[in-house]
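Q: Before we start, here is the structure in question, set down as structure tokens.
The values are calculated or read from the model by the stated rules, or taken from the named source; none is laboratory data. Keep in mind that this is a model prediction, so the values were computed, not measured. Here the Cβ is made from the backbone with ideal geometry for all residues, glycine too, and neighbour counts use every protein chain on show.
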Amino acid sequence: MLTWTSAAVTDVGTRRKINEDSMLELPRMGLWVVADGMGGHAAGDYASQKITTDFKTLEIRNRPLPDIIDDMEDRLLAINQHLLTYARERNVPVVGSTMVALLLTERVGVCMWIGDSRLYRCHEQQISRISSDHSLVQAMVDQGTLREDEAQDHPSRNVITRAVGADLHIYPEIRVFKPAPGDGFLLCTDGLYGEVHEMDILDLIIGLNAKDAAESLLDVALHDGADDNVTLIVIKIRD
């Protein structure tokens, strides 16, 4: 039987005045969500909080996994329509947010995401991304016109191609995988992975418990500048 511990931290960063990120940590339910809002004060923070608030009431226990996934998708579609209406009524160009969610059961892990917030997996001394950014530079990498090592500093690195609240129709992506004892997971916004190297992420998550790893990752991001808001959740599985 798999069990897990988790820890979540968020910070406004060194240059922003407000924190447009939001997070949800429900380890007993096996659900974690990170959302990165966009649109400025009273817009981006509203959008990201709308996602985490609505996912907080997701019914998980004693339900078939396909029904839970359908419910997650339906909630995102409803949130998207709500944010479009909210922006139109307030004459705001966009009230949107990226999101990444991790759902863990004893046998299956499910990642659902829109935008460039990420889910990393640390498994057998290696780090990999379960999510794949919905961004312009990721599309260029996938097409072979940009190298992975060039994407980090590309001038269009912040241009995302999908977000909740940004388009009439949204298409969340889903990936299902098998979790294992010893796995470590990181959900985070670009404010974290834009500042902290993947190998440092791996070392901290493998070497520390969830709480210490989360606090250390935040410290590294802030020390290195953290121009953006920084939000992250660390989950560690034990046998």
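Q: Testing Val234 on (1) in contact with a Cys (Cβ under 7 Å, 6 or more places away or on another chain); (2) closer than 20 Å to Thr98 by Cα, one condition comes back false. Which one is that?
A: (1)
Q: Can you run down the residue pairs with Cβ atoms below 7 Å, 6 or more apart or on separate chains, where the first is in segment 61-81 and hydrophobic (A, V, I, L, M, F, W, C) and the partner is assigned to a helix (DSSP H, G or I)?
A: Ile79/Lys50; Ile79/Ile51; Ile79/Asp54
Q: Then there is this: Considering only segment 174-195, how many residues are surrounded by fewer than 14 Cβ atoms within 10 Å (Cβ to Cβ) and either in contact with a His (Cβ under 9 Å, 6 or more places away or on another chain) or hydroxyl-bearing (Ser, Thr, Tyr) (or both)?
A: 1
Q: Could you tell me whether any residue of segment 81-90 is in contact with a strand residue (DSSP E or B) (Cβ under 7 Å, 6 or more places away or on another chain) and either at pLDDT 95 or above or farther than 25 Å from Ala166 by Cα (or both)? Let's see the steps before the verdict.
A: Start the filter on segment 81-90 by keeping residues that are in contact with a strand residue (DSSP E or B) (Cβ under 7 Å, 6 or more places away or on another chain), which leaves 83.
Adding the requirement that they be either at pLDDT 95 or above or farther than 25 Å from Ala166 by Cα (or both) leaves 83.
Scanning segment 81-90 turns up at least one residue that is in contact with a strand residue (DSSP E or B) (Cβ under 7 Å, 6 or more places away or on another chain) and either at pLDDT 95 or above or farther than 25 Å from Ala166 by Cα (or both).
Q: Right, something else. Can you tell me how many residues within segment 13-29 are over 16 Å from the mean Cα position of the chain (by Cα) and either of a type in the set (A, V, I, L, M, F, W, C) or not in a loop (DSSP other than H, G, I, E, B) (or both)?
A: 2
Q: Can you name every residue in segment 10-36 that is crowded, with 21+ Cβ neighbours inside 10 Å and within 21 Å of Ile206 (Cβ to Cβ)?
A: Trp32, Val34
Q: Same structure, new question: Can you find a residue that is hydrophobic (A, V, I, L, M, F, W, C) and farther than 30 Å from Met1 by Cα anywhere in segment 193-201?
A: So far as segment 193-201 goes, yes, one or more of its residues are hydrophobic (A, V, I, L, M, F, W, C) and farther than 30 Å from Met1 by Cα.
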